[in-house]
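A short write-up of the structure that comes next.
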Amino acid sequence: MDAPLIELIDVSKYFGYGIIGLTRFPAVDGVSLTISSEKPEVLTLVGESGCGKSTLAKIILRILRPTSGIAKYMGKNMWKLSRSEVKRFIRDVQPIFQDPMDTFNLFESVEGYLINAAKSLLKLDREEAIEKISQVLEFVGLTFDKVRGKRPQEFSGGELQRVSIARALLVQPKLLIADEPVSMLDASLRINILNFLRRAKEELGIAILYITHDLATANYIGEKIFVMYRGSIVEHGDIEKVINEPLHPYTKVLLESLPDYRKGKEWFKKQLPQTLRSVVEVREMLLKGCKYIYYCPFKSQQCYEKPIMIEVGKEHEVACWMYSKKE
Amino acid sequence: MDGDTVLYVDNVRAGYFVGRRFVDAVSGVNLKLFYGEVFGLAGESGCGKSTLLRIIYGYIEPPLRRIGGSIILRSKTEEFNLHEFNMDELKKRIWWRYITWIPQGAMNVLNPTIRIRDHFIEMFRLYSNIDKGEAYKLTVEYLETLGLSREVVDAYPTQLSGGMRQRVVIALALLFNPLLVLADEPTSALDVVTQKVLLEQLLKLQKERNFTLVLVSHDMDVHGVLTDRIGIMYAGKIVEVGSTDKVFQEPLHPYTKALIEALPRLGDKIARKGLSGAPPDLSNPPPGCRFHPRCPYAMDICRREEPPMMEIERSRVVSCWLYIKR
């Protein structure tokens with residue numbers, strides 16, 4: 001079997017804080033995950049704001065270099081690739097960002113940008129480039145004529161996000177990293193973008209890492225879920241399994257605090273199994289043991305040690321000491 | 001006028017004058033709010049829901065202008081024609097006592113250089129004639145009844161988390177027991193877990209003090225769990241009003257239908273369809289029904305004439321030609 005497309009082994013990324021940044025905290029703390037391109041899947045990475053999910057995305061995109069641990073691309077350390085391998089990497093792993101305005105240069109026409117990208121990355125001449133661009137634009141329900149001569153600010157948010165999906169598809173990637181691609185869009189447009197991502201996986205065989213704080217949209221397109229809390233992955237597995245039978249206390253709280261109109265006022269009747277304390281977040285990030293300890297109603301002495309990933313089912317792992325005794 | 005209505009909004013028009021253009025953000029809105037209810041205003045960004053809230057409150061600064069319509073507030077004993085008041089009068093007589101407004105991102109409006117308690121003391125001294133010592137005592141008592149600890153009272157705003165700051169802002173808003181509280185996206189910047197705790201508290205306070213709460217949110221699920229009645233806004237108009245249960249069970253307006261159908265649900269992966277197109281530019285809204293370019297049921301008349309607000313059944317109003325027999 002070939003080496004997986006992306007493999008992270010115990011990856012951490014520290015950032016400095018305080019006035020001169022000498023003290024450091026881990027934004028990503030010991031994360032291991034594998035993304036294979038042989039059987040493309042939609043993986044979802046779910047967590048609250050500040051849990052390190054965007055930092056993790058940047059590590060996978062080779063924008064940030066991990067402080068410790070190894071990030072591998074096709075079995076090789078990402079940061080020790082040759083120039084041609086880096087080019088290959090850029091073609092294989094493409095990002096879609098939260099704000100499509102960030103993707104495009106405001107002073108350049110979208111069409112010019114797309115043509116240049118196609119020319120330089122795919123080594124095509126202008127005619128071929130336009131043909132290729134038309135193809136990917138069609139995939140997201142646009143045409144080249146609709147894009148021609150327009151600058152990014154002349155598009156609506158939903159349209160521009162579709163163009164940025166097309167842009168990512170242009171180089172025929174194997175993996176799309178979509179970091180909150182729909183959180184700036186309205187509900188009625190959101191689902192369309194998610195449908196395009198779904199189709200990209202089904203029809204073009206592209207693996208997708210969908211990063212979001214919104215469990216409902218994650219459930220809509222995802223097959224696997226990684227739940228992140230304060231820099232660490234606390235639970236991962238098949239998304240239906242995790243949503244129906246969450247094991248980590250944090251996953252449970254996250255699922256129960258999701259408002260759902262179908263429940264109506266009943267939603268308030270169930271109290272969250274969480275103790276409340278006002279703790280400063282950085283202090284939590286610095287904890288050596290389980291980072292959920294301040295809130296967890298089930299904590300024990302063992303939780304002051306860092307929990308290991310415990311396999312509880314087929315491809316279902318949870319980082320909680322509660323599940324270690326059952327062996 | 002019936003007895004249990006606290007606010008009448010009648011044919012209010014307002015918008016933004018930007019250069020030579022006029023952005024028609026609130027276009028002939030009629031609304032009635034009742035005592036002690038939680039009313040939700042839903043709609044996509046740019047549909048005018050925040051502008052409507054601002055107009056009701058009366059905080060109108062250029063380029064925003066009210067062009068017409070009346071807003072009447074009724075307490076048990078008094079009646080105010082809010083549309084006739086200017087901002088100074090509103091400030092003296094209405095704001096904080098009768099209506100409070102929690103604007104979007106309100107948790108960032110606290111003054112970072114003074115302690116939380118000083119915000120309250122200042123309010124007490126501005127709006128009632130008590131000295132500083134007494135104001136301090138009242139503040140501590142008041143915050144304790146709301147479950148905010150002494151630690152919070154003495155903290156500076158930057159020391160608190162977003163959720164805690166938002167609670168402080170809500171506490172400020174409720175200080176003088178207002179009749180009507182206008183909350184604009186009070187939880188949109190918070191995490192879901194914090195959101196749940198905050199919404200729980202807001203609802204509890206609303207039940208205890210029985211004020212009327214108007215909640216603006218783009219999140220339909222929040223409306224579904226919190227509100228008693230809901231109004232759906234599209235492109236500057238209210239297109240449907242009804243009790244929250246009914247609207248979710250059986251949405252009437254095609255826009256409401258699309259909005260609810262487009263919501264992905266936990267534990268269901270059925271492919272869903274969103275709306276095509278985008279909301280119109282309000283400086284140049286389409287003729288007739290403003291939803292017709294995106295509406296799957298659009299008819300000839302929809303392109304020509306604006307549909308009136310029709311009462312389909314008791315307190316169930318919709319503005320759509322599909323429901324009008326001619």
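Check the stretch A:138-158 and report whether any residue there is closer than 22 Å to A:TYR73 by Cα and either away from every other protein chain (no Cβ under 14 Å) or among the charged types (D, E, K, R) (or both). Looking through the stretch A:138-158, none of the residues is closer than 22 Å to A:TYR73 by Cα and either away from every other protein chain (no Cβ under 14 Å) or among the charged types (D, E, K, R) (or both).
Being assigned to a helix (DSSP H, G or I) and more than 16 Å from A:THR44 (Cβ to Cβ): is that true of A:GLN153 here? So A:GLN153 fits the description; yes. Could you tell me whether B:ASP268 is among the charged types (D, E, K, R), within 11 Å of chain A (Cβ to nearest Cβ) and surrounded by fewer than 20 Cβ atoms within 10 Å (Cβ to Cβ)? Considered against the rule, which asks whether it is among the charged types (D, E, K, R), within 11 Å of chain A (Cβ to nearest Cβ) and surrounded by fewer than 20 Cβ atoms within 10 Å (Cβ to Cβ), B:ASP268 comes out as yes.
Among the residues of the stretch B:224-247, the one identified as in contact (Cβ under 8 Å) with a residue 12 or more places away in the chain, out of contact with any Lys or Arg (no Cβ under 7 Å at 6 or more places or on another chain) and surrounded by fewer than 19 Cβ atoms within 10 Å (Cβ to Cβ) is B:ASP228. Being basic (Lys, Arg) and part of a helix (DSSP H, G or I) is the filter here; which residues of the stretch B:273-317 pass it? Correct list: B:ARG294, B:ARG303, B:ARG304. What residue, among those in the stretch B:271-304 that are within 25 Å of B:GLY28 (Cβ to Cβ), among the basic types (Lys, Arg) and surrounded by 13 or more Cβ atoms within 10 Å (Cβ to Cβ), is nearest to the other protein chains (Cβ to nearest Cβ)? Among those that are within 25 Å of B:GLY28 (Cβ to Cβ), among the basic types (Lys, Arg) and surrounded by 13 or more Cβ atoms within 10 Å (Cβ to Cβ), it is B:ARG294.
Quick check: is even one residue across the stretch A:52-74 at negative phi, within 14 Å of another protein chain (Cβ to nearest Cβ) and in contact with a strand residue (DSSP E or B) (Cβ under 7 Å, 6 or more places away or on another chain)?
Taking the stretch A:52-74 first, the residues at negative phi are A:53-61, A:63-68, A:70-73.
Add one more test, that the residue is within 14 Å of another protein chain (Cβ to nearest Cβ), and what stays is A:53.
Then drop every residue that is not in contact with a strand residue (DSSP E or B) (Cβ under 7 Å, 6 or more places away or on another chain), which leaves A:53.
Yes, that holds for at least one residue.
Are there any strands (runs of 3 or more DSSP E) wholly within the stretch A:157-257 with 2 or more residues that are at positive phi, out of contact with any Leu (no Cβ under 8 Å at 6 or more places or on another chain) and surrounded by fewer than 24 Cβ atoms within 10 Å (Cβ to Cβ), and if so which?
Hits in the stretch A:157-257: none.
Checked against (1) more than 18 Å from the chain's Cα centre (by Cα); (2) among the β-branched types (Val, Ile, Thr); (3) surrounded by 18 or more Cβ atoms within 10 Å (Cβ to Cβ), A:THR143 meets all criteria but (3). From the list B:SER188, B:SER149, the one residue that fits, being surrounded by fewer than 16 Cβ atoms within 10 Å (Cβ to Cβ), under 18 Å from B:GLN104 (Cβ atoms) and of a type outside the set (Phe, Trp, Tyr), is B:SER188. So, in the stretch B:252-265, of the ones that are surrounded by fewer than 20 Cβ atoms within 10 Å (Cβ to Cβ) and touching a Lys or Arg at 6+ places or on another chain (Cβ under 9 Å), which residue ends up modelled with the lowest pLDDT? Of everything passing the filter in the stretch B:252-265, B:ARG265 is modelled with the lowest pLDDT. Counted as qualifying within the stretch B:63-111 are the strands (runs of 3 or more DSSP E) with 2 or more residues that are within 26 Å of B:VAL169 (Cβ to Cβ), namely B:64-74, B:99-102. Of all residues in the stretch B:222-241, none are over 14 Å from B:LEU41 (Cα atoms) and not charged (D, E, K, R).
Entry remark, the stretch B:173-196: residues being of a type in the set (D, E, K, R), within 14 Å of chain A (Cβ to nearest Cβ) and in contact with a Leu (Cβ under 8 Å, 6 or more places away or on another chain) number 1 in total.
Taking the stretch B:197-233 as the range and being in contact with a helix residue (DSSP H, G or I) (Cβ under 8 Å, 6 or more places away or on another chain), under 16 Å from B:VAL168 (Cα atoms) and at the interface with another protein chain (Cβ under 10 Å from one of its Cβ atoms) as the test, the residues that pass are B:VAL197, B:LEU199, B:GLU200, B:LEU203. Once the stretch A:220-246 is narrowed to residues that are within 11 Å of chain B (Cβ to nearest Cβ) and among the charged types (D, E, K, R), the residue that is farthest from A:LEU194 (Cα to Cα) is A:GLU240. Taking the stretch A:102-120 as the range and being modelled with pLDDT of 90 or more and aromatic (Phe, Trp, Tyr) as the test, only A:TYR113 passes.
Only residues that are under 30 Å from B:ARG13 (Cβ atoms), within 11 Å of another protein chain (Cβ to nearest Cβ) and touching a Ser or Thr at 6+ places or on another chain (Cβ under 9 Å) were counted in the stretch B:249-265, giving 4. Selection of first residues in the stretch A:116-130 that are in contact (Cβ under 8 Å) with a residue 24 or more places away in the chain and surrounded by 15 or more Cβ atoms within 10 Å (Cβ to Cβ) and of second residues that are part of a helix (DSSP H, G or I) and small (Gly, Ala, Ser), restricted to Cβ pairs under 7 Å at least 6 apart or on distinct chains, gives the following pairs, ordered by first then second residue: A:ALA118/A:ALA129.
The values are calculated or read from the model by the stated rules, or taken from the named source; none is laboratory data. Quantities reported herein were computed from a predicted structural model and do not represent experimental measurements. So basically every Cβ, Gly included, is an ideal-geometry build from the backbone, and we count neighbours across all protein chains shown.
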